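The values are calculated or read from the model by the stated rules, or taken from the named source; none is laboratory data. Treat the numbers as computed from the prediction; the structure is a model and nothing was measured. FYI the Cβ positions are ideal-geometry reconstructions off the backbone, even for glycines, and counts take in every protein chain you see. Remember, those area values only see protein heavy atoms, side chains included, never the ligands or the DNA or RNA. Shrake-Rupley method; radii C 1.70, N 1.55, O 1.52, S 1.80 Å.
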Amino acid sequence: MAKQKREKKRFKLWQKITLTVAAVMLVAGIGILSFPYISNFFGQQRANGLIENFNNSLANVVPKGDSSSAPGGVSAKSFEEAKAKGEVDGEGYVIDSDGNRTSDSPVIFEYDLDALYRDSVKYNESLVNHQGTVDTTNYSAAALKMSKYGLSNFYCYLSAPSINMYLPVYLGANDEMMSCGAAHLAGTSLPIDQNNTNAAIAGHTGYIGRIFFDNIRKLEIGDTVTVHNYWESIDYKVIDYKVVAPNNSNDIYIKENRQLLTLITCIKSQKEGFDRYLVICEKK
């Protein structure tokens with residue numbers, strides 16, 4: 001009888017342990033399965049926050065010749081002048097006399113945006129008729145040094161409502177920038193409203209915890225993709241999509257008298273390695 005009681009007690013203990021382990025494994029399994037969705041959610045929330053800050057900053061640009069609307073008593077007309085006066089730090093945030101930040105977002109000056117636009121136009125014009133000689137395999141550097149204008153590498157953002165895509169675009173297709181959003185390929189046109197341009201923008205597919213360009217393969221002919229930069233919003237229409245080899249750069253070259261936007265991501269090759277999936281868009 002005593003032996004039976006001991007056996008029964010051991011059985012109940014073993015049953016309890018088994019149920020506990022099963023519950024832990026179930027919770028862990030649910031956690032593993034739900035991690036991508038949770039991570040993607042927070043990643044998109046972060047992207048939305050960056051886009052919201054971008055739009056808010058544009059709504060509060062300090063106009064040339066009138067710094068009365070500038071936050072924190074900034075009196076300068078440009079980033080460089082404000083930095084020299086000790087009114088902002090190296091990233092454009094208003095600071096006090098001790099160098100402590102007193103603003104939640106950097107100050108943007110119309111003077112600097114005008115300079116950035118002029119330099120963007122000049123950069124694009126320098127590519128016309130010469131892009132074939134540009135090494136487009138070395139696209140990791142930023143086309144322009146944005147810190148010169150008191151700005152981060154966030155140059156614009158993309159929206160494509162048909163696939164619910166809202167994504168920041170940074171200058172320089174390097175690992176750091178592409179872990180934050182999409183990235184402009186140096187040696188291709190900057191995405192501004194200018195003829196004789198082809199802005200190539202790359203984004204990851206299958207990046208753990210974030211959806212970047214995973215859904216661009218769902219874009220259909222006629223869908224709208226919009227570039228929102230510091231000066232305007234430009235609507236493009238999807239006109240083609242294709243798969244090309246990694247060393248095939250013909251589709252990112254400028255086409256005469258056309259204004260193009262080419263979205264690029266990697267997909268698995270049918271043979272080995274990865275090919276490139278392109279979505280080609282043209283200004284409406």
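Quick look at the numbers
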| quantity | calculated |
| --- | --- |
| Pairs where the first residue, in the stretch 205-234, is acidic (Asp, Glu) and the second is open to solvent by less than 30 Å² (accessible area, probe 1.4 Å), C-beta under 6 Å, 6+ apart | Asp223/Val238 |
| Some residue of the stretch 126-146 being free of Cβ contacts under 8 Å to residues at least 60 places away in the same chain and farther than 25 Å from Asn250 by Cα | yes |
| Single match in Gly90, Gly49, Gly72 (criterion: on the phi > 0 side of the Ramachandran plot, at pLDDT 70 or above and either open to solvent by less than 100 Å² (accessible area, probe 1.4 Å) or out of contact with any helix residue (DSSP H, G or I) (no Cβ under 9 Å at 6 or more places or on another chain) (or both)) | Gly72 |
| Any chance Ala199 is of a type in the set (A, V, I, L, M), closer than 22 Å to Lys255 by Cβ and part of a loop (DSSP other than H, G, I, E, B) | no |
| Residue match in the stretch 182-196 (condition: in contact with a His (Cβ under 9 Å, 6 or more places away or on another chain), assigned to a loop (DSSP other than H, G, I, E, B) and not hydrophobic (A, V, I, L, M, F, W, C)) | yes |
| Output for the stretch 250-263, where each listed residue is open to solvent by less than 20 Å² (accessible area, probe 1.4 Å) and either closer than 15 Å to Arg276 by Cα or among the acidic types (Asp, Glu) (or both) | Ile252, Thr262, Leu263 |
| Any chance Glu282 is open to solvent by 40 Å² or more (accessible area, probe 1.4 Å), outside any strand (DSSP E or B) and at pLDDT 95 or above | no |
| Failed item, numbered, when Leu261 is tested on (1) in contact (Cβ under 8 Å) with a residue 24 or more places away in the chain; (2) not in a strand (DSSP E or B) | (2) |
| The one condition in (1) open to solvent by less than 50 Å² (accessible area, probe 1.4 Å); (2) at pLDDT 95 or above; (3) over 30 Å from Val62 (Cα atoms); (4) among the β-branched types (Val, Ile, Thr) that Ile239 fails to fulfil | (1) |
| Residues of the stretch 93-127 satisfying the condition of being β-branched (Val, Ile, Thr) and open to solvent by 40 Å² or more (accessible area, probe 1.4 Å) | Thr102 |
